Amino acid sequence: MRGNGTWICALVLGWAAAAHGVELDRVKSAADGGANWLIEQFDLKTGIFGASEVNKLPGIQGLAIRVLSEHHRKYSEPLGPFMTEPVKYILKQQQEDGSIRIEGQGFDTYNTALALHGLAALKNPKYTDAISKARAYLLTAQSKDGGFTYGYGFRQGGDLSNTWCALSSLKAAGEKDAKVFEAALNFIRRVQDNIETNPDAEAKAGPNSGGAYYKPGQSEAGTVKNRDGVEFPKPYGSMTAAALDGYLQSGLKADAPEVQAALRWLTANFSATENPGAGMNGYYYYVHALARAFEAAQVTEISLGDGGKVHWADALATQLLARQKREGFWVNETTKWMESDPVLCTAYALGALNICYKQLKAAKK
Amino acid sequence: MRMGQQAWGWSLALALAVGSLTAGEEAPAAPPAQPDAAAVANAAAEKAVKYFLSQANGDGTFGKSMAAKSPGVVGLVVYGLAKAPGKRSPELQAALDKAAGYLVALQQENGAIAVPGHGLENYMTSVAVMALKALNDPKYDAVLAKAKPYILSSQLTAAQGYNKDEHYMAYGGFGYGGGKRADLSNTTFSLDALKALGMDENSEEFKNALVFVRRTQDNTETNDVPAMKEGNNSGGFLYFPGTGEFGTEKNRAGKDVPKPYGNMTYAGIKCLIYCGAKPDSPELQAAWRWIKEHYDVTQNPGGKGSEGYYYYLVAFAKAFTAAKVNEIDLGDGKKAAWAKDLALQVAKLQKPDGSWANEAERWWESDPTLATAYALIALDYAAANLAGGK
């Protein structure tokens, strides 16, 4: 018998992993199991993956499309309605102004960015017009500070999460305007605890860890005290990974001090079992962002504080495999940031696992 | 492992000659007689049957691996045992009845004969249908009738939202049952089962399947899929349009294109025939051209090492049987009698206890229950062909 991962999950667990590191075939099977589950959530009647309210967001559909297109099986439209119909759904949600969103649901930047990223990933010339319109809209969500906001009604002050998401999509959609990326760089510098490169006066008092947080002066993970006992926004894993990837997408090189500092934080605080600094909050967002950031930084092995070394792709894949449900999906019991939704978590996890699989395959050669 | 038929003949001749000389006798003047392939096939099959009887667990399953509990593996064993040459012993009949009961008990509400949630439902069901049908006992008719619509539901057509033009990599093919993807491997098992249930090329289902099968062939003349227009026009087949399982090769323009290989090409030939393609059709002509260039009983040509070898043997034997071909012309005056070649090679790989196992783990062929089931099925077909030739 041939083919698919569920067999392995179900029947051949006994043939489990080698003593060192996760077996490549098991990673591949887990990626197949995740993709199969996601595809099974596609409903021909609605044309989308999943049936929850959250699943109606075009951004979630775009994310699912993208991770399937990045999968080792290279899913594309000719393979079935589970690819063509969500794309049609996304295109149907595109507004006059180019945004891809449902009126009144908010998250305009996220939705447009993730939907755009999905369309761009398919590399189908049929979507060229929709892509350029969405791109034009996204640029209007870039605030004067260089960060991207939630979109309408949130013109003031960007945040790193919207910024990273928008930058990734713009880059994938072929955005070339250097000013967009320069402005974004200036914003990301202001959310990193790195005295040398953060221009803000308040930031000069930080512990200088290299980690990043949500907005200038604000973390979603609470505060830390600096040496003088002054409270300071607490950096955490998902945002530091977003900062690292955002820097690289905006044109910084690996030896830039900002990049080096972010890498230093992610290495010193490396965790495959939680979003460091934020516990299980945003765990799947973190693994997805971290895999993308480390891949972009061309990092393979990282040195831990205790002198040991870890292959991050191996560590992430091991944890993702351990957390995958028998049916193939992932879900976070910590519900913050919509991670109680299995379609969203599975898309994030699959996005990370696709990268881990590529990395581990390359390392084996 | 890679020794071809002629080399085998030579080494046998050499062994006999050396043996004779060592014994201090004169070397035989005439070349040694070829071993009787029919006798070899029958003996190897008999040993395999004994092996399975020794592995019967009492609950209808065979062997000790985790995969041995799978209805797909049990089904393949039953199919192999049911078609084995020679008279069926009471002990074998009892084991078959038990195993059939195991399969029947696994039938689900929707008709699938599978373990819910374990995946591969369509493979399992198709194999179980072939197995139960091979027992030729009307008491399984109701189970078979219930399984048929399940298998048909795995075909990706308009009812599932698939459109011939838009979804050209899947339309008409059969999938795993849940994953909503189609491939030639699931398709070949499904068509086998449906044909056993009496369906044929005149049905809409087989006509739709033909659309898919043709699109998996590296044959620009008959393949309308854009991604398949750049191949080497070799006539070989892939897993599904645009994708193989053994990587790529260069086309004449130096571009990487998916590489056709043996198990899918033999599966493709059988499917084409089941779907009504005539021997002189451009599809079958092209496929046989590929086979002539890649004829091999020692490995899955175009594959990697011994990966999928036992699956390959089954596809090989079934394709020649469906085509009613006993011998093929390899060119340069060379001819190959597939059943003889297969029987001699497979018998050589049999372990003393009657089993086979693949060194390569891929597709679970390192599991002796699965590999032995495949080898026995291949031998059954070879033995039937050799017996018919007498």
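Structure notes:
- Mean sequence separation of contacting Cα pairs (under 8 Å, at least six apart), scaled by the length of the range B:38-388, corresponds to a relative contact order of 18 percent.
- Net charge dipole, the protein assembly as shown: roughly 520 debye, given to the nearest 20, about the Cα centre with Cβ charges of +1 for Lys and Arg and -1 for Asp and Glu.
- A 1.4 Å probe over all protein chains sorts A:Trp37, B:Trp356 by accessible area into A:Trp37, B:Trp356, starting with the largest.
- Principal semi-axes of the equivalent ellipsoid, √(5λ) from the alpha carbon gyration tensor of the protein assembly as shown, are 56, 27, 24 Å from largest down.
- Projected label distance in nm at A:Glu103 and A:Ser303, using a 7 Å step from Cα toward the beta-carbon: 5.9
- Accessible area per residue was computed with a 1.4 Å probe on protein heavy atoms; A:Arg135 scores about 70 Å².
- Computed extension gain for B:Lys229 through B:Lys98, at 0.36 nm per residue and net of the alpha carbon distance, reaches 42.2 nm.
- Take the Cβ atoms of A:Asp177 and B:Glu293, set R0 to 45 Å, and the FRET efficiency comes out at 0.25.
- Calculated FRET efficiency, B:Glu46 to B:Lys335, Cβ-Cβ distance, R0 = 35 Å: about 0.75 to the nearest 0.05.
- Put a dot 7 Å past the Cα of A:Asp25, heading toward its Cβ, do the same for B:Asn202, and the two dots end up 4.6 nm apart.
- Calculated FRET value between A:Leu139 and A:Lys361, using beta carbons and R₀ = 41 Å, to 0.05: 0.65
- Translational diffusion of chain B, µm² s⁻¹ [Kirkwood Rh, Cα pairs; Stokes-Einstein; 37 °C; 0.692 mPa s]: 152
- Computed label-point distance, nm, for sites A:Asp228 and A:Asp200 using a 7 Å Cα→Cβ extension: 1.7
- In plain terms, the chain from B:Lys278 to B:Glu359 could stretch by 25.4 nm, reckoned as 0.36 nm per residue minus the Cα-Cα distance.
The values are calculated or read from the model by the stated rules, or taken from the named source; none is laboratory data. Here the structure is a predicted model, which is why all the values come from computation and not from measurement. Glycine gets a Cβ as well: all are built from the backbone with ideal geometry, and neighbour counts include every protein chain shown. What goes into the accessible areas is simple: the full protein's heavy atoms, side chains included, and nothing from ligands, DNA or RNA. Shrake-Rupley method; radii C 1.70, N 1.55, O 1.52, S 1.80 Å.
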